[in-house]
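Everything on this sheet refers to the single structure shown next.
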Amino acid sequence: MTTALPVLRLTDGIRFFFSQIEYSVERLRCDTGQWVAFVPADADPVTDPSGTLARTLMTLSPPAQGTVEIFGIEGYSIPYRDVQRLRSRIGFVQGFGGLLSNRTIRENVALPAAVHGRFTVEEERRMVDERLREFKLRTVQDLSPHLVDGYTRWRACLARALILNPGYVVLEGIGDWEMDSGRGVAWTGIRAYHDRGDNLICICASRRNQGFETWFQENGGILVEYVDRTNRRQTLPGNDSF
């Protein structure tokens, strides 16, 4: 019997830096059908490294130490062309930004299909229409990103990230969760995508949110802490090396 490869594996944990602070995530394996939220170990983090962590988990920012395997491939040890192929299997939701300012909302959503896909014009149109309907973007599809609010841009980033039905999705932050406690358009769509059972979703949170964490765990989510190693060392009793 063949054992399925994990979608994401940190074979020896990772360490990464943000604002001269060192953070770490312990050794980890994440499989298809799971969703995982990375949260700071400290209740009141000094900085917000969630964007750096998200990029580290999807081949955009190499860790200072450790190995990131995605679909059994070491994401930071392969040629650029192979990295691009790997990224076509990943959906990335970049905070409230990440959209091209010189493209409409529709053109932004269609971008992964146009770059990575081999679809006919009609196939691409149907794919884009489906995501625009799902995330309630039809009325703003012809507008530029700067003409819509941040929550609408975040929904557009979601629609774009899911356009190719990736097996691995990385979210930077929890977006508009606090507006509706997971009952709105965006999180209904994320939860429905997770419930398909054919993907892994990783969420990189900037701070602790008890409401979100309770909701997430009640919906089968797994919490993983990332640790501020620099400030932990500074505050250890008897540590006078700083």
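Scanning region 192-214 for residues that are at pLDDT 95 or above and either buried (at least 18 other Cβ atoms within 10 Å of the Cβ) or touching a Lys or Arg at 6+ places or on another chain (Cβ under 8 Å) (or both) gives 193, 194, 199, 200, 201, 202, 203, 204, 205, 212.
Please determine, by comparing only the residues of region 29-47 that are surrounded by fewer than 17 Cβ atoms within 10 Å (Cβ to Cβ) and of a type outside the set (S, T, N, Q), which one is farthest from residue 194 (Cα to Cα). Per the stated criteria, the residue is 46. A single member of 153, 138, 125, 103 is of a type in the set (Lys, Arg) and within 20 Å of the chain's Cα centre (by Cα), and it is 153. With respect to residue 152, determine if the residue is closer than 27 Å to residue 46 by Cβ, among the hydroxyl-bearing types (Ser, Thr, Tyr) and in a helix (DSSP H, G or I). It is false that residue 152 is closer than 27 Å to residue 46 by Cβ, among the hydroxyl-bearing types (Ser, Thr, Tyr) and in a helix (DSSP H, G or I). As a summary of the residue check, residue 143 satisfies the conditions (1) free of Cβ contacts under 8 Å to residues at least 40 places away in the same chain; (2) part of a loop (DSSP other than H, G, I, E, B); (3) assigned by TED's automatic domain parsing to the domain that holds residue 55 except for the one numbered (3).
Of all residue pairs spaced 6 or more apart or on separate chains, those with beta-carbon atoms under 8 Å, a first member in region 179-202 that is without any contact (Cβ under 8 Å) to a residue 40 or more places away in the chain and a second member that is part of a strand (DSSP E or B) are 190/171; 190/201; 193/169; 193/201.
The values are calculated or read from the model by the stated rules, or taken from the named source; none is laboratory data. A quick note: this is a predicted structure, and the numbers were derived from the prediction, not measured. Methodologically, a virtual Cβ is constructed for each residue, glycine included, from the backbone with ideal geometry; neighbour enumeration extends over all protein chains shown.
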